[in-house]
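A short worksheet on the structure shown next.
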Amino acid sequence: MEHITLLIGIVIVTALVFDFTNGFHDTANAMATTISTGALKPKTAVAMSAALNLLGAFLSVEVAKTISGGIIDETAGIRPEVIFAGLVGAIVWNLVTWLAGLPSSSSHALFGGLIGATLVSVGASGVHGGAVVMKVLIPAVAAPIVAGLASMAATRLTYRLARDRAEEDTAKGYRAGQIASAALVSLAHGTNDAQKTMGVITLALITGGVVAPHADPPLWVIASAGLAIALGTYLGGWRIIRTMGKGITDIQPPQGFAAQTGAAATILASSHLGFALSTTQVCSGSVMGSGLGRKGGVVRWSTAGRMVVAWGLTLPAAGLVAAGAALLADQGDWGIATVAVLALAVCGAIWVASRRKPVDHTNVNEGPAAEPAGVVTAALQAVSPPPAGPVATEPATAATIPAPAVAGARLTDPVGAAPVIAAPVAAHPHEKHGTEPRAKAGSAAG
């Protein structure tokens, strides 16, 4: 076995940086609903999630094998420079979507980066197309739908079972259930997302001849990946937590419990099968399903639409950034140094931009600005109108005031407002000064 070279060391450090961004990018998956309902204080929630992410990293290596020997052909001439470029593409996309507060998939950013860099440096032969379709694309489409339907059914069942109990009697129990289900999601996140970084580091070690092909991740790789994602989780991706907890729908404790339980079951099942699932898509789908499952609950489809667009752009966008980085990295040492400098500059600029409107644990529950109701929301509100109450009268406008029969007549508002003097109606220049024009106006208004 060869010693770890400087380039492989750079790749390992970059992979751990990606793992760190994955942690704070995906904290919302486990803790957004728990924080938004007040089941846990923000700092307590992220601390618990960080510890369970670390524990989950040691439970399985199936997803790591999918990364290191499933999607990318490790025998096709993949070099450490390619992996470095792929990681740069994933990190940049993670930070862009974090700045926008969009819960996009860190997993797909990583896959897109690796695929884009491999296509440029090696060609299509370096990518296992069948594995990409079966273990990435199909789960990407199916997972949020399955999780959303399961969450919607669980939410409806939860409310039905508790329909004869007062809300204040059940809220405490649901909050306790939320804490337990959030812990399960955090554990599941560690078993799935931390392994992706393990797989990347293992792939780098294989390409450098440090470990044998198809080898399991060494223990030090597992431990370092778990620590990196736990640290990122503890710092908290507060922007995305705000979007997940407040921007998609208004979460109540029963919904949070149902959404997190369904998401945890989906993620754990995919980890067991070796599917490199996007935990972000699963949890986002669960939150949307919980919004549809509660009677009177409405999903903010404009926010959901932006999320879906981000999901669709993640693979190609990260791939394009990684492809450009790979073109530079293939030029030699100066190319690798240039990629590193550009990546640091972009990341620094994103961080500076984020300081203009900071979001942290003190204001994460303030929620985004109200959005105009879309077509779907309006349709749902028409089916389930708000409770009847005093109807506000709109101010009178020229379009709603009937034309007076006599110029200068006094108009009275239907709700008893002060009388208004109507302006005289001018006659048409080709008509005689009489009652005919005013009669026409009166008939038109009627």
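A compact table of results
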quantity: Peptides 25-35, 284-294 ordered by average Cβ neighbours within 10 Å, highest first; calculated: 25-35, 284-294
quantity: Per-residue HN-Hα couplings for segment 158-165 [Karplus 6.51, -1.76, 1.60; θ = phi - 60°; Hz; x = Gly/Pro]; calculated: 4, 5, 5, 5, 9, 5, 9, 10
quantity: Accessible carbon and sulfur surface of segment 113-271 relative to its total accessible area, %, 1.4 Å; calculated: 68
quantity: Per-selection Rg to Rh, segment 110-231 - Cα, Kirkwood hydrodynamic radius; calculated: 1.14
quantity: Net charge contributed by nearby residues that have their C-beta within less than 15 Å of Glu167 (K/R +1, D/E -1); calculated: +3
quantity: Accessible area expressed per residue, segment 226-325, with surrounding protein chains retained (probe 1.4 Å, Å²); calculated: 31
quantity: Chain lengthening between Phe58 and Trp351 when straightened (0.36 nm per residue, less Cα-Cα); calculated: 102.3 nm
quantity: For segment 182-309, with +1 on Lys and Arg beta carbons and -1 on Asp and Glu, the positive-most of Pro253, Ala228, Ala264 along the dipole; calculated: Pro253
quantity: For segment 6-161, the Rg and Dmax computed from alpha carbons only, in angstrom; calculated: 18.0, 60
quantity: Using alpha carbons only: equivalent-ellipsoid semi-axes of segment 84-166, gyration tensor based, whole Å; calculated: 38, 18, 6
quantity: Protection-proxy order for peptides 45-56, 110-121, 248-259, 137-148, each taking the mean of Cβ atoms within 10 Å per residue, highest first; calculated: 110-121, 248-259, 45-56, 137-148
quantity: For segment 194-246, alpha-carbon Rg and Dmax in angstrom; calculated: 15.0, 48
quantity: 11 Å beta-carbon shell around Ser106, net charge (K/R +1, D/E -1); calculated: -2
quantity: Chain lengthening between Thr338 and Ile138 when straightened (0.36 nm per residue, less Cα-Cα); calculated: 68.4 nm
quantity: Globularity index of segment 189-299, i.e. its alpha-carbon radius of gyration over 2.2 N^0.38 Å; calculated: 1.32
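The values are calculated or read from the model by the stated rules, or taken from the named source; none is laboratory data. Worth saying up front: this structure is predicted, and the values here are computed from it rather than measured. Every residue, glycine among them, receives a Cβ derived from its backbone with ideal geometry; neighbour counts consider all protein chains shown. In case anyone asks, the SASA skips ligands and DNA or RNA and just uses the protein heavy atoms, side chains included. Shrake-Rupley method; radii C 1.70, N 1.55, O 1.52, S 1.80 Å.
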